[in-house]
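In what follows, a structure is listed as structure tokens, so that the remarks can point back to it.
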Amino acid sequence: MKKILFVILIVSLKVNSQELVGSWKVVSYEDEICYFNKTTDSISYKDASRKGEAENFRKMSEILIFPISYSFESNGNYTLTQPMIGEINGQFRFDQVNKKIVFIDDEGKKYEIPFLYRDNILFLDMKMETDYIKIGLNKN
């Protein structure tokens, strides 16, 4: 029985990592203040007292957040593109067991980003110093 479960796990890891290969574009953004979905052009406020701050961010998101894209290649390379900053290249590893994508940038810095893949959206959950940012990516 253990051998069968192990084989199923290995097969599912290969299928899931292949699903990751391709180009992905940011379609949603969430933090402690709000959730913004570009596809539906909707915003939900989590902290009504900071609504003005969220609205200002919504205006800036067209420049700062939604142009960001990720490209994952089958050979384990990735490219993160942000038009205001440029490209970051490196390698990635898909850790299905721990639900993390391990990124190693071209300077050798390692980042382990928790993920959730639901309804064809790849959610990346990034911890900041005091808060968090969760972005949703849709495959192009």
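The values are calculated or read from the model by the stated rules, or taken from the named source; none is laboratory data. Everything numeric in this text was worked out from a predicted model, so none of it was measured. Glycine gets a Cβ as well: all are built from the backbone with ideal geometry, and neighbour counts include every protein chain shown. Protein only, heavy atoms only, side chains kept; ligands, DNA and RNA dropped before computing areas. Shrake-Rupley method; radii C 1.70, N 1.55, O 1.52, S 1.80 Å.
Six or more apart or on different chains, Cβ under 6 Å: which pairs go from a residue in segment 73-94 that's touching a residue at least 24 places away in the same chain (Cβ under 8 Å) to one that's not in a strand (DSSP E or B)? Could you list them?
Hits for this filter: S74/V21; F94/S17; F94/L20.
Has segment 3-23 got at least one residue that is of a type outside the set (F, W, Y), modelled with pLDDT of 90 or more, open to solvent by less than 70 Å² (accessible area, probe 1.4 Å) and within 20 Å of M128 (Cα to Cα)?
No, every residue in segment 3-23 fails to be of a type outside the set (F, W, Y), modelled with pLDDT of 90 or more, open to solvent by less than 70 Å² (accessible area, probe 1.4 Å) and within 20 Å of M128 (Cα to Cα).
Would segment 119-139 turn up any residue that is at negative phi, polar (S, T, N, Q) and within 10 Å of the chain's Cα centre (by Cα)?
Our first condition is that a residue be at negative phi; within segment 119-139, this holds for 121-139.
If we keep only those that are polar (S, T, N, Q) as well, we get 130, 138.
After this cut, where a residue has to be within 10 Å of the chain's Cα centre (by Cα) as well, the list is 138.
Within segment 119-139, one or more residues are at negative phi, polar (S, T, N, Q) and within 10 Å of the chain's Cα centre (by Cα).
Of all the residues that make up segment 95-140, how many are open to solvent by less than 50 Å² (accessible area, probe 1.4 Å) and within 25 Å of N37 (Cβ to Cβ)?
Restricting attention to segment 95-140, the residues satisfying the condition of being open to solvent by less than 50 Å² (accessible area, probe 1.4 Å) are 95-96, 101-103, 105, 113-115, 121-126, 133, 135-137.
Now narrow it down to the ones that are within 25 Å of N37 (Cβ to Cβ): 101, 103, 113-115, 121-126, 133, 135-137.
Count: 15.
Please specify each residue of segment 99-140 satisfying the condition of being free of Cβ contacts under 8 Å to residues at least 12 places away in the same chain, β-branched (V, I, T) and farther than 20 Å from N89 by Cα.
T130
Among the strands (runs of 3 or more DSSP E) confined wholly to segment 45-100, which include 2 or more residues that are over 18 Å from K25 (Cα atoms)?
Correct list: 86-95.
Being touching a strand residue (DSSP E or B) at 6+ places or on another chain (Cβ under 7 Å) and either among the small types (G, A, S) or part of a loop (DSSP other than H, G, I, E, B) (or both) is the requirement here; does T39 meet it?
For T39, the condition - touching a strand residue (DSSP E or B) at 6+ places or on another chain (Cβ under 7 Å) and either among the small types (G, A, S) or part of a loop (DSSP other than H, G, I, E, B) (or both) - is met.
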